[in-house]
Structure formats: structure tokens, C-alpha cells
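Here's the structure we're looking at; comments come further down.
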Amino acid sequence: MELGLFQQQNLSLVMTAELRQAIAILQYPCYELSRFLQEQAVENPLIELTESSAVFEKSKKKALQKDRSHQDADIIGRMQPAELTMHDHLLHQVLDMPIPENQAAVVRYLILNIDEAGYLDITKEEMLERFSIPSALFHECIDWLHQLEPAGIGARNLRECLILQMKALGMSEHDLPYQVADHYLDLLAERKLRQIASLLAVTVQEAEQAADFIQSLDPKPGRKLSQPSDMGYLYPDLSVTENNGSYSLAVNEQFTPKIRLNEGYADLLQTKAGGAAQYLQEHFQKLQWLQKSLEQRKNTLIMIAKEIVSAQQRFLKWGPEHLVPMTLREVADRIGMHESTVSRAVKNKVIQTPRGAFELKYFFTAKIETVGGENASAQTAKLAIKKLVDSEDKAKPLSDQAIAEKLISEKGLSISRRTVAKYREELNIPSSSKRKRYS
């Protein structure tokens with residue numbers, strides 16, 4: 001060993017800021033890409049954003065339709081009201097309740113500790129320490145809390161949530177559903193209706209009716225107050241349209257602003273000296289790289305979508321049951337790209353087809369061999385499993401093995417019992433013992 005300075009050559013892959021940006025842009029769906037471009041325009045004065053002609057024309061027509069006489073109207077009167085949160089709704093209810101002053105602050109604090117599902121997310125011990133109140137006063141505050149709407153809000157567990165809802169419906173501890181929820185929720189979760197019936201000395205049919213009623217209750221009442229009033233909008237990145245049996249593909253660019261050079265800086269770019277020149281050149285290069293990355297994203301999406309449309313003609317004509325199995329590697333090989341690039345490109349992207357809107361990743365699925373030696377997709381198998389379960393005799397539901405045998409004999413799909421179980425769980429279909437009906 002010796003200490004000294006040595007020169008050595010080696011090769012290594014360095015990811016530049018531009019390359020990281022290109023990868024990020026490739027992964028953005030159109031709504032995130034639009035937000036990203038807005039941020040870039042704020043950081044780079046050379047970037048000018050222009051709305052697409054379709055969006056501009058639409059907004060222009062709306063503007064022309066407005067009555068000019070109302071231009072000076074009070075702007076506050078035209079503002080949309082702020083969205084009320086779940087806690088806002090509950091706190092407003094408290095204002096109309098005759099809660100004693102020494103309890104009102106505790107009730108409001110309890111409300112602020114209710115999670116989105118509607119459950120109280122603070123313990124009795126924490127409350128007693130926080131407010132230094134006796135246990136009896138805490139329980140009085142809990143009683144006030146449980147008078148709020150919707151019924152079940154502020155419960156500390158599922159059992160209490162269900163019982164509060166039954167009490168609101170006028171039921172008591174003598175009613176069968178109340179008794180099941182109060183004492184046998186664990187057995188109900190396992191669908192052990194015979195055991196519940198035996199313990200409560202009722203028929204299996206009565207136990208099943210009680211179970212059906214309990215399932216009609218809301219296990220997460222907070223969602224009723226947490227859901228926004230406005231529905232979200234889906235912005236497909238690509239569209240496929242049919243015309244006389246042939247399909248055409250288009251990239252939906254109307255939701256993403258165009259970028260171009262801000263003409264106010266065009267002359268300044270000719271400056272060859274000074275700090276301003278260097279600043280402008282650096283930002284001009286960023287603009288050019290951003291334009292190049294956007295073009296690459298567009299071309300990559302088009303190439304991938306063309307392969308999907310070409311392979312999925314049967315799906316486009318007849319629907320999901322005819323989905324042809326595809327893999328990322330197969331598409332990557334056909335378009336001459338790395339599999340990881342294809343994976344990034346399809347991430348969170350949506351394509352609008354004559355059969356509905358689907359995520360691009362929906363079309364990439366495992367292959368399943370058929371009796372005839374052909375290949376079917378995992379999605380086809382899942383749809384077949386769901387149809388078999390939907391049409392089965394509920395008194396004698398099909399086991400996973402029986403489903404596997406029917407898939408072979410009726411659909412020609414050769415999959416094992418374990419694969420059936422896997423797909424069934426992915427479809428949120430309970431096991432045969434939990435699907436059994438007694439009435």
C-alpha cells in the first residue's frame with residue numbers, strides 16, 4: 001500500500017437534471033402535466049403558455065354570452081362558497097344543541113378528533129388528562145356527541161357505530177340485529193350464521209335476515225359528510241374513435257397548454273455579452289429541452305397506444321371479455337424502447353375508447369393458456385369468474401375448485417384453484433362459505 005495521486009478512467013451513468021425532467025414529464029397524466037407547465041412558466045420568464053384553440057373558443061363563447069350590464073356586479077356575490085368539511089357540519093349542529101357551557105368545549109374538541117370515517121380518534125384517558133374532567137362528565141359529553149347526525153358518528157368502534165344507528169331507528173337490545181351486533185360481530189365477519197343462530201336460539205334464516213340488516217347499515221358514517229359536492233372529471237390522455245369499422249387514435253392536447261418563446265425576450269436573446277445574456281441563454285435552453293421532452297412524451301404515447309389499438313381490435317369491437325393479453329416487454333420490443341420506459345409512459349394515463357375509459361395499464365395483463373392452445377388475458381378469466389359467481393345457486397355456492405373446473409369445461413381457460421382464489425380475492429368476492437345463503 002502507498003499513498004499517492006492516480007488517474008483512472010471509468011464509465012458511469014449520470015442522470016442529469018434534464019433527463020430527470022424528461023422522465024417526470026413522461027409519467028405525468030395530462031392534468032398533472034398542465035400544472036407542471038404552469039409552475040415552469042412561473043420559474044422561467046421565457047416560457048409563454050397558450051391555451052389550445054378548442055379551450056379558448058369555448059371560454060370565448062361563454063364570455064360573449066354574459067350580459068354586459070352585469071360586469072360591475074359585486075365580485076363577492078359571484079364567488080363560490082367554500083366547501084364545508086365534515087367537522088364544520090358537526091360543529092354547526094352543536095350550535096343548536098342545549099349543551100352546558102362546561103361541556104361544550106369538550107364536545108367541540110371531541111368533534112375535531114373524529115377521523116374521516118366518522119370514528120373518534122382519541123381515548124378517554126387522553127381526554128381526561130387534556131381537560132382535567134371527571135369520568136362522569138366525559139361520558140355526558142360522549143352522549144352529546146352521539147346525538148349528532150348522521151347516526152353512528154363519533155363511535156369508538158364498529159360495534160358502537162352499528163348500535164347507535166339501530167338506536168336511531170328505534171331498535172333496542174331485544175331486537176335480533178342489535179343482539180348480533182352487540183355480541184357476535186366476530187362470528188358475523190366469518191359468516192358463521194349457524195353458530196350465531198344456535199347461540200341466540202333462532203333459525204338460521206332469522207340469523208341471516210339479521211345479518212342482511214346489519215350489512216345495510218353504514219360502517220363509515222363520516223363519509224357522508226366528507227365527500228365533496230362536485231364530481232371529479234376524467235381527462236383522458238388519448239382517444240380512440242371508430243369510423244366504419246376502423247379505429248383512429250388521437251392525443252388529447254386540449255387539456256394541456258402549449259408552450260412557446262415569450263416574444264418579448266426574442267430580441268434580448270441576441271445579446272452576446274453580460275450576465276443577462278448568460279441568464280437568458282440558460283433559460284432558453286431549458287425552454288428548448290422542455291419542448292423536446294413534451295414532444296418525446298407525445299410520440300412515446302402514440303407508439304404505445306398504436307400497439308394497443310392494433311392488438312385489441314376484438315376488445316374494441318366486443319368488449320372486455322375479448323381482451324387480448326399483452327405484456328410491457330412485448331410492446332417495448334415492438335417499438336424499440338426499454339420496458340421501464342413503457343412502464344413509466346402508461347403510468348396514470350387514461351385512454352377513451354368506444355368501450356369506455358380505461359387506464360393504459362389495464363391492457364397489460366398476464367397470459368392464460370386455453371384448451372385450444374391459444375392465450376387469454378387474466379382480465380378475461382376474472383370476468384368469467386364473476387359471471388359464474390353471479391349466476392351460481394346461492395344455497396350451494398361454487399368452491400374455487402368447482403369454478404376452476406367450470407372455467408376449463410365452459411370457457412376453455414386452464415387455471416388452477418389457487419389462481420381462481422387469487423383472482424376472486426382481487427375481485428373482492430368472498431369465499432363460498434361466506435357467500436352461502438339460507439333463505
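For ARG329 and TRP289, FRET efficiency with R0 = 25 Å and r from the beta-carbon atoms, rounded to 0.05? Could you put the intermediate results ahead of the total?
Values: r = 29 Å, r/R0 = 1.17.
Efficiency, rounded to the nearest 0.05: 0.30.
Could you provide, to the nearest whole Å², the per residue accessible area of the range 166-247 with probe 1.4 Å?
Values: 5060 Å² over 82 residues.
For the range 166-247, the solvent-accessible area averages 62 Å² per residue.
As a test of reading the structure, rank ARG344, ARG418 by solvent-accessible area (1.4 Å probe, protein chains only), most first.
Details: ARG344 80, ARG418 185 Å².
Ranked from most to least accessible, the order is ARG418, ARG344.
Per residue, how many Å² of accessible area does the range 292-388 show with a 1.4 Å probe?
Working: 4730 Å² over 97 residues.
Computed with neighbouring chains in place, this is 49 Å² per residue.
Tell me the angle of helix 158-168 to the major Cα principal axis of the chain, expressed in degrees between 0 and 90 and rounded to the nearest ten.
That helix lies at roughly 70 degrees to the long axis.
Using a 7 Å offset from the Cα along the Cα-to-Cβ direction at both LEU3 and ALA17, what is the distance between the two label points in nm, to one decimal?
3.7 nm
Can you work out the accessible area per residue across the range 396-438, with the rest of the protein chains kept in place, probe 1.4 Å, in square angstrom?
Details: 2550 Å² over 43 residues.
The answer is 59 Å² per residue.
Provide the descending list of Cα extents for the chain along its principal axes, expressed in whole angstroms.
Here the spans come out as 90, 82, 72 Å, largest first.
Using only Cα atoms, tell me the angle between helix 17-27 and the longest principal axis of the chain; keep it within 0 to 90° and round to the nearest 10.
50 degrees
Express the carbon and sulfur contribution to the solvent-accessible surface of the chain as a percent, rounded to the nearest whole number, probe 1.4 angstrom. Intermediate values should be presented prior to the final figure.
On the way: 13770 of 27290 Å².
Accessible surface attributable to carbon and sulfur in the chain totals 50 percent.
Once phi is turned into ³J(HN,Hα) by the Karplus curve 6.51 cos²θ - 1.76 cosθ + 1.60 with θ = phi - 60°, what whole-Hz value does each residue of the range 330-345 show in order, with x for glycine and proline?
Running phi through 6.51 cos²θ - 1.76 cosθ + 1.60 with θ = phi - 60° gives 4, 5, 4, 5, 6, 9, x, 10, 6, 4, 5, 5, 5, 4, 5, 5 Hz.
Starting from one equal scatterer on each C-alpha and no solvent at all, send me the Debye-based log10 I(q)/I(0) for the range 136-287 at q = 0.09, 0.12, 0.14 Å⁻¹, two decimals.
-0.62, -0.72, -0.83
If each of GLU369 and MET97 carries a label point 7 Å out from its Cα toward its Cβ, how far apart are those two points in nm?
Roughly 6.4 nm, to one decimal.
Cut-off 10 angstrom, C-alpha nodes, Gaussian network model of the chain. Which of GLU190, GLU359, GLU48 fluctuates the most?
In this elastic network of the chain, the residue with the biggest mean-square fluctuation among GLU190, GLU359, GLU48 is GLU190.
Mean residue ellipticity at 222 nm from the helices of the chain, using -39,500 (n - 2.57) per DSSP H segment of n ≥ 4 over the full residue count, to the nearest 500 deg cm²/dmol? Intermediate values should be presented prior to the final figure.
Details: 22 runs with 224 residues, N = 439.
Counting only the DSSP helices, I get -15000 deg cm²/dmol.
Which pairs in the list LYS317/LYS382; LYS361/LYS436; LYS361/LYS386 are over 24 Å apart, alpha-carbon to alpha-carbon?
Numbers: LYS317/LYS382 19 Å; LYS361/LYS436 34 Å; LYS361/LYS386 21 Å.
Cα-Cα > 24 Å for LYS361/LYS436; rest within.
Rounded to the nearest 0.05, what FRET efficiency do GLU426 and LYS317 have when you use their Cβ-Cβ distance and R0 = 30 Å? Working shown, then result.
Numbers: r = 26 Å, r/R0 = 0.87.
Given R0 = 30 Å and the Cβ-Cβ separation, E is 0.70.
Once you have the alpha carbon radius of gyration of the range 229-351, what is it after dividing by 2.2 N^0.38 Å, with N set to its residue count? Present the calculation step by step, with values, prior to reporting the outcome.
Working: Rg = 20.2 Å, N = 123, 2.2 N^0.38 = 13.7 Å.
For the range 229-351, the normalised Cα radius of gyration comes out at 1.47.
The values are calculated or read from the model by the stated rules, or taken from the named source; none is laboratory data. Worth saying up front: this structure is predicted, and the values here are computed from it rather than measured. Cβ atoms come from the backbone with ideal geometry, glycine included; neighbour counts cover every protein chain shown. Side chains included, ligands, DNA and RNA excluded: accessible areas come from the protein's heavy atoms. Shrake-Rupley method; radii C 1.70, N 1.55, O 1.52, S 1.80 Å.
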